[in-house]
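Accompanying notes for the structure given below.
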Amino acid sequence: MRMVFRWYGDGNDTVTLQQIKQIPGVEGVVWALHDLAAGEEWPMDKILEVVHASKSYGLHTEVVESVNVHEDIKLGLPTRDQYIDNYKRTIKNLAQVGVKVICYNFMPVFDWIRTELNKEHEDGSRALFYERAKIEHIDPMELVDQFSRHSDLTMPGWEPERLQSLTNLFAMYKRVTEEDLWNHLQYFLEQIIPVAEANGVKMAIHPDDPPWSVFGLPRIITNKENIRRLLQLVDSPFNCVTLCSGALGANLDNDIPDLVREFTDRIPFAHIRNIKIYDNGDFIETSHRTRDGSLDIVNIVKAFHDTGFTGYARPDHGRQIWSENCRPGYGLYDRALGIMYLWGIWDSLENGKGAKS
Ligand SMILES: O=C(O)[C@@H](O)[C@@H](O)[C@H](O)[C@H](O)CO
Ligand SMILES: [Fe+2]
């Protein structure tokens, strides 16, 4: 397990590279050019800025999250080809600086969805929260408005230029069924996977978060069967998945250790975090510790260990604790605690190796 930590870049993150470097066992940052709109080619000079800044702290930049997919590609519009060409060029540019994994997602319009960014836990810490009943009734525009007023730092996946044309997008997606979305994904993968393969870059799709349809939009990367289907769309070792325990785990029918075991050869990148799911289907993000949430993080890490996982892993969202002022989900303290928990489990499993017959 190669531990990495998501970093939003100079001037765009409350966490510094120096702080990241001081977290035990972190070897690299998970990064992106967050100021570029989806669909643009990532220019070499901007890529190199991040690479040099990270290198100066001894951190590598082998994992990118995300190169966002333009909506025209997901919608299957004729204009998609120009954006796919840009995507291919971005893959080549990133390969030149040693990038090994690109995480992306294929969720229409929105990336992850929650109803609150700062829900208070009993202990006063705050976390991202999803309230099922609220989602069923809220107008998505209202949610976007709330989130955009939340902070000066743009939330990943909620970039203003993607959301400006929201009404328009919703109208266009009305005609897109799940099967259409599968076809559009296939078209995209058939074009980019050969490029990724030629350049030694693994494309690791992030599952839908939460793993079900929201606001009537189609969602397809949601469960074991669909991940199987995705991997077969283009059956290449470079067509992979980012195994995100918290995203998939919001549906308790998804048995995460089982998914880790089944897809082990196609998981170059893991997001490990816990959530507490309530009986009514609401869920809140918790500390990474197994007993604080509904997911068995110990057994998830054990599944990675048992399958000889040598890919990259990062703690996923953390709570806001100790009055930290940070991006919701992306503070320093709770994610650093999460890392120590993951290492604790991993190291004890390492020590136990060979002890049993
Ligand atoms: O990992 C997560 O849960 C997220 O914060 C997403 O924004 C994620 O980065 C994207 O869906 C990946 O494309
Ligand atoms: Fe994730």
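Would you please classify the overall shape of the stretch 1-132 from the alpha carbon gyration tensor, given that a ≥ b ≥ c denote the square roots of the eigenvalues, rounded means a/c under 1.5, and beyond that prolate means a/b larger than b/c while oblate covers the rest? Oblate is the answer for the stretch 1-132, as a/c is 1.5 or above yet b/c matches or exceeds a/b.
For the stretch 2-351, the dipole from Cβ point charges (+1 on Lys and Arg, -1 on Asp and Glu) about the Cα centre works out to 520 debye, to the nearest 20.
Take the Cα radius of gyration of the stretch 204-252 and divide it by 2.2 N^0.38 Å, N being the number of residues; the result is 1.13.
Principal semi-axes of the equivalent ellipsoid, √(5λ) from the alpha carbon gyration tensor of the chain, are 28, 25, 22 Å from largest down. Helices assigned as whole DSSP H runs in the chain whose Cα atoms extend at least 27 Å along their own long axis and whose mean Kyte-Doolittle hydropathy is -1.0 or higher are found at 178-198, 333-352.
Largest mean-square fluctuation among D282, D45, D13, in a Gaussian network model of the chain whose springs join Cα atoms under 10 Å apart, belongs to D45. Summarising the strand pairing of the stretch 2-351, around 25 percent of its internal DSSP beta bridges are antiparallel. Computed per residue of the chain from DSSP H runs no shorter than four, each worth -39500 (n - 2.57), the mean residue ellipticity at 222 nm is -11500 deg cm²/dmol.
Values quoted throughout were computed directly from the atomic coordinates according to the rules given, and no laboratory measurement underlies them. What you see is a predicted model; the values in this text were computed from it and never measured. Here the Cβ is made from the backbone with ideal geometry for all residues, glycine too, and neighbour counts use every protein chain on show.
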